[in-house]
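S.K.: Let me give you the structure first, and then I'll get to my questions.
The values are calculated or read from the model by the stated rules, or taken from the named source; none is laboratory data. The structure displayed is predicted, hence computed values, not measured ones. Using ideal geometry, Cβ is built from the backbone for each residue, glycine included, and neighbour counts are taken over all protein chains shown. SASA here: full protein model, heavy atoms, side chains in, ligands and nucleic acids out. Shrake-Rupley method; radii C 1.70, N 1.55, O 1.52, S 1.80 Å.
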Amino acid sequence: MTNAAVPHVSTVKALRAIVAGWRKGGSRVALVPTMGALHAGHLELVRLARRHADKVVVSIFVNPAQFAPHEDLDRYPRTFDADLAALATIDCDLVWAPTVGEMYPSGHATRVVPAGAAEGLETDFRPHFFAGVATVCTKLFTQVAPDVAIYGEKDFQQLAVMRQIVRDLDLPMEIVGAPTVREADGLALSSRNRYLSEAERRIAPSMHAILQALAQSLGAEGARLTAAKADALAAEAAAKLTANGFGKIDYVAVRDAGTLAAIDKLKNGARQGPLRILAAAWLGKTRLIDNVPG
Ligand code: AMP
């Protein structure tokens, strides 16, 4: 059933006026940051937000600062009307949809550059990505001033980076992670899946299957798991991706689930607690990322 249209605002002033009214009434506020092109994974984030707050703001902003010049900023899907329609089917109180000029007015020069969890993995291949994400999300946090922000585990390193930023900058809010929503065949939902050709779409779910198999092999090693063994098993998984038709494999990595540190950087060079397996690889012109518990 479709509810009434979701209100949307595009200026910081209008946003703040609405949120201030909510706060006066004592409401807890949740923020779900997105770049639009909403799918069922995003809607799960909104449902989770509702469980943590009285009012839910979904931001829709395709952030130029997190795209390198050669990346897909221009062709990134923009489906604002469909996004509003999708949000009207669930419980969302407000859409925050600033223009690029509102977010980055002329003369804007401050960047938030995270280290720690932002080092390695995505940063090895997209060196400016997390500074772009951290800058826009820190702005979203000061604009909306939410009590809680929801991020998907689909972008596991991003989730860790956001937790670190909130900790490091003493932001008075909490970050909550939401499980990855997948197609029935295991492919993680992503706005970029629409770039895949039919043939690529058939290959794409093998990434999840291969990561799951790697998780089983790591599990079989138990406490004996060494960094060398983890690397060898990750290399085997990368070779399987290639054999399945993936092009360039950016990484298949086994990391500490909390800090994202490599196993050889952990105490005694051995696994301490939960691991996370993270991967990024190309299928034609589309870059897919995914991750599973290790
Ligand atoms: P995006 O706009 O797709 O870059 O992502 C907006 C938010 O949705 C991020 O917190 C993502 O981690 C999350 N997200 C994207 N895809 C999924 C998915 N398949 N399941 C759960 N969350 C997701």
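S.K.: Can you tell me the accessible area per residue over the chain, all protein chains present, probe 1.4 angstrom, in square angstrom? Don't skip to the end; give the middle numbers.
M.R.: Numbers: 13520 Å² over 294 residues.
Here the residues of the chain average 46 Å² of exposed surface.
S.K.: Label VAL113 and ALA85 with points 7 Å out from Cα along Cα→Cβ: what is the distance between them in nm?
M.R.: Each label point is offset 7 Å from its Cα along the Cβ direction, giving 4.4 nm.
S.K.: List the relative contact order of the chain as a percent without decimals, with contacts defined as Cα pairs under 8 Å and 6+ residues apart.
M.R.: Values: 515 pairs, mean separation 49.0, N = 294.
It rounds to 17 percent for the chain.
S.K.: A further question on this structure: In nm, to one decimal, how far is the THR142 label point from the ALA4 one, both placed 7 Å along Cα→Cβ?
M.R.: 3.4 nm
S.K.: Starting from the Cα gyration tensor of the stretch 8-178, take the square roots of the eigenvalues, sort them a ≥ b ≥ c, and report rounded, prolate or oblate (rounded when a/c is under 1.5, otherwise prolate if a/b is larger than b/c, else oblate). Could the numbers behind the result be given before it?
M.R.: Numbers: a/c = 1.40, a/b = 1.29, b/c = 1.09.
It is rounded, given that a/c, with a ≥ b ≥ c, falls under 1.5.
S.K.: Shifting gears a bit: Mind checking which lysines have their C-alpha under 28 Å from LYS55, skipping anything on the same chain fewer than 8 residues away?
M.R.: Within the straight-line cut-off, LYS55 pairs with LYS13, LYS24, LYS139, LYS154.
S.K.: Same structure, new question: Using R₀ = 51 Å, calculate the FRET efficiency as 1/(1 + (r/R₀)^6) where r is the Cβ-Cβ separation of THR242 and GLU102; round to 0.05. If you can, show how the numbers build up before the last one.
M.R.: Numbers: r = 44 Å, r/R0 = 0.86.
Efficiency computed from Cβ-Cβ geometry: 0.70.
S.K.: Still on this structure, please answer the following. How long are the semi-axes of the equivalent ellipsoid of the chain, defined as square roots of 5 times the Cα gyration tensor eigenvalues? Whole Å, largest first. Let's see the in-between values first.
M.R.: On the way: eigenvalues 225, 93, 67 Å².
For the chain, the semi-axes come out at 34, 22, 18 Å.
S.K.: Taking all protein chains as present, what is the carbon and sulfur share of the accessible area of the stretch 100-173, in % to the nearest whole number, probe 1.4 Å? Walk me through the intermediate numbers first.
M.R.: On the way: 1680 of 3160 Å².
The computed percentage sits at 53.
S.K.: For SER10, tell me the accessible area in Å² from a 1.4 Å probe, rounded to the nearest 10.
M.R.: 60 Å²
S.K.: Further question on the same structure: Once a ≥ b ≥ c are taken as the square roots of the eigenvalues of the Cα gyration tensor of the stretch 191-293, is the result rounded (a/c under 1.5), prolate (a/b larger than b/c) or oblate (a/b not larger than b/c)? Please report the intermediate quantities before stating the final value.
M.R.: On the way: a/c = 2.56, a/b = 2.17, b/c = 1.18.
Verdict is prolate for the stretch 191-293.
S.K.: Return the calculated 222 nm mean residue ellipticity for the chain, to the nearest 500 deg cm²/dmol, obtained by summing -39500 (n - 2.57) across DSSP H runs with n ≥ 4 and dividing by the residue count. Spell out each step's value before the answer.
M.R.: Numbers: 10 runs with 111 residues, N = 294.
Using -39500 (n - 2.57) per qualifying helix, the result is -11500 deg cm²/dmol.
S.K.: Work out, step by step, the length gained on full extension between THR259 and ALA17: first 0.36 nm times the residue separation, then minus their alpha carbon distance; give nm to one decimal.
M.R.: 83.4 nm
S.K.: 7 Å from Cα along Cα→Cβ at both ARG192 and ALA220: what's the point-to-point distance in nm?
M.R.: For the pair ARG192/ALA220, the computed spacing is 3.1 nm.
S.K.: While we're here: Please check the chain for the longest run free of trypsin sites (Lys or Arg not before Pro) that are loop-located per DSSP (anything but H, G, I, E, B) and have at most 16 other Cβ atoms within 10 Å.
M.R.: Numbers: sites that count: ARG28, ARG75, ARG78, ARG111, LYS248, LYS285.
After excluding every exposed loop site, the longest remaining stretch is 112-247.
S.K.: Of all the accessible heavy-atom surface of the stretch 191-293, with the other protein chains kept in place and a 1.4 Å probe, what percent is carbon and sulfur?
M.R.: Details: 2650 of 4860 Å².
Roughly 55 percent, rounded to a whole number.
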